[in-house]
Each structure stands twice: as structure tokens, then as C-alpha cells.
1. Out of region 4-47, which residues are at pLDDT below 70 and either basic (Lys, Arg) or within 30 Å of residue 65 (Cα to Cα) (or both)?
2. Give the number of residues within region 118-166 that are of a type in the set (Lys, Arg) and modelled with pLDDT of 95 or more.
3. Give all pairs with beta carbons closer than 6 Å in which a residue from region 67-90 that is over 14 Å from residue 40 (Cβ atoms) meets a residue that is surrounded by 12 or more Cβ atoms within 10 Å (Cβ to Cβ); count only pairs at least 6 apart in sequence or on separate chains.
4. Condition test on residue 82, is it of a type in the set (A, V, I, L, M, F, W, C), in a helix (DSSP H, G or I) and at pLDDT below 90?
5. Check residue 1 against each of (1) surrounded by 10 or more Cβ atoms within 10 Å (Cβ to Cβ); (2) at pLDDT below 80 and name the one condition it does not meet.
6. Of the conditions (1) assigned to a helix (DSSP H, G or I); (2) within 36 Å of the chain's Cα centre (by Cα), residue 20 fails just one. Which one is it?
Amino acid sequence: MPAEEPPPQQQKQQQQQQQPGPRATRLHETYTLALTRTLAKISAPDVFAACYPCIEKGAGGLLAQVRAQMVGKLREKCEREFENIVVARDPRNRPRQPQQPPSHHTVCPPQILAAHHAAHLLPHRSVLHAKLDNARARNARLARLVRRQRRRRGLCSGGLRAWWGM
């Protein structure tokens, strides 16, 4: 008895889940391009031969085989590791999930800074308050002195006016 096929809508959903999204596709393309370029730099015969000049002189063919074998194994390991990362992170399902915007602070930046610096500024605050109190007391003394001087000046000018008969 043949197995029943799932309905067309379910088949379409399964195909969408199996196909990578545009971001996953671009990630694969970018990685493949970067890996290809990197391995091309490594596998250049003159670059590799410059690392092993004695072997290149004596057994150039063997060095070329070793180079090709190393590049092949490195490509396999890199691709396998990338696939493991892709499977672990599962980018196929992430683009289809609704992305929530990050929550914003409800406190404005000056309040955040003030809260952060409060402990550091506490000793300075007490010193500044003491200086402010001293300045206020000095200003009060000077204000009393100025009022006394104005009173004296008023008395003196009143006496002069009386003397001059103004």
C-alpha cells in the first residue's frame, strides 16, 4: 500500500522550511567566497614553495601534492565546521520568526548618568556644600557691612546737608 502524500499546503510549508531564506543563502555565499579566496592565497605554488625552499628544490612534485592535499583537507574541515555552526544556530527558522525591537530605556540619559555617578560624587558634594555655606555666611557679613556703611553715609550726607543748609 503506497504511503499517503501530505496535502499540498503542508508540502509547501515543508519546502519553505527546508529552503534557506535570503539571509542564510547570502551567508553561505559570503562564506564560500571568503573560503575560496583564502584557500587560493594559500594554495598558490610560489607562496607555498617560499615556505619550504629546500623541499621545493629537491622534490617539487611531492610538495605540490602535499599542498593540494592540505588545501583539500582544510576546505573540508572549514566547510564541516561552518555547517555545524549553521545547524547549531538554525538560520532557516529565524528569518520567519517575528523580530521584536529592543526595548528602550524609560529613564532619560541625564538621570542614568546621575545615578551612575552619585556614589563617586557624594564626597565632593559635602565639600561643595561646606564651601557654599561658607560663601553664604561671608556674603551675609558683607551685606550687613554694606548696609551699615550706607546708613553711615546717609547720616554723614544728612549732617553735611544740614551744615551747608541745603
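The values are calculated or read from the model by the stated rules, or taken from the named source; none is laboratory data. Keep in mind that what you see is a predicted model, and the values were worked out from it rather than measured. Cβ atoms come from the backbone with ideal geometry, glycine included; neighbour counts cover every protein chain shown.
1. 12
2. 7
3. 82/31
4. So residue 82 does not fit the description; no.
5. All conditions pass for residue 1, except number (1).
6. (1)
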